[in-house]
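Heads up, the thing below is written out as structure tokens.
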Amino acid sequence: QVQLVESGGGSVQPGGSLRLSCAASGYPNIGYRMGWFRQAPGKEREGVAAIGSNGRTRIADSVKGRFTISQDNAKNTLYLQMNSLKPEDTAMYYCAAKFLPQYGRTMVGPSLGSDDHNYWGQGTQVTVSS
């Protein structure tokens, strides 16, 4: 059974850093995509960073140059390194995934679209304020 569990959220001052982790279990060695999404009160969910099993990444313009997505395949863990945090980064952050068994790993790329993912973690809160 696929499970995604986020951790690493918290409260920080503007300019601070956090690293979010997403521990994944039960996903097979096939084509996949994973990503980080966030949702603030009164706003729709937006994709911030994504990675495909082909190794390519996509980063939203709003966080480009500040956030980095990476993965440790040996630990089945996805990371989001967040630097130079701003108050507008405050949101619930979610880890998401989709598996595409009809394709090999090199055939699947990343997506920042929520509808391109169908497994979701419970979320971890990030608050940036003085």
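The values are calculated or read from the model by the stated rules, or taken from the named source; none is laboratory data. The structure presented is a predicted model; accordingly, all values stated were derived computationally and were not measured. Note: ideal-geometry Cβ built from the backbone for every residue, glycine included; neighbour counts use all protein chains shown. All accessible areas refer to the heavy atoms of the entire protein, side chains included, with ligands and DNA or RNA removed. Shrake-Rupley method; radii C 1.70, N 1.55, O 1.52, S 1.80 Å.
Roughly speaking, what is the stretch gain from Gln39 to Asp116, that is 0.36 nm per residue apart minus the C-alpha to C-alpha distance, in nm to one decimal?
26.1 nm
Give, as a single signed number, the net charge of other residues whose beta carbon lies under 14 Å from the beta carbon of Ser62, with Lys and Arg counted +1 and Asp and Glu -1.
Values: positive: Arg38, Lys43, Arg45, Arg58, Lys64, Arg66, Lys86; negative: Glu44, Glu46, Asp61, Glu88, Asp89.
Summing Lys and Arg as +1 and Asp and Glu as -1 gives +2.
Of all accessible surface on the chain at a 1.4 Å probe, what whole percent is carbon and sulfur?
On the way: 2970 of 6870 Å².
So the carbon and sulfur contribution to the accessible surface is 43 percent.
Would you mind getting the accessible area per residue of the chain, heavy atoms of the protein chains only, 1.4 Å probe, in Å²? Spell out each step's value before the answer.
Values: 6870 Å² over 130 residues.
Dividing the accessible area of the chain by its residue count gives 53 Å².
Below 8 Å, C-alpha to C-alpha, sequence gap of six or more: please give me the relative contact order for the chain in percent. Mind dumping the intermediate values first?
Numbers: 352 pairs, mean separation 49.2, N = 130.
Answer for the chain is 38 percent.
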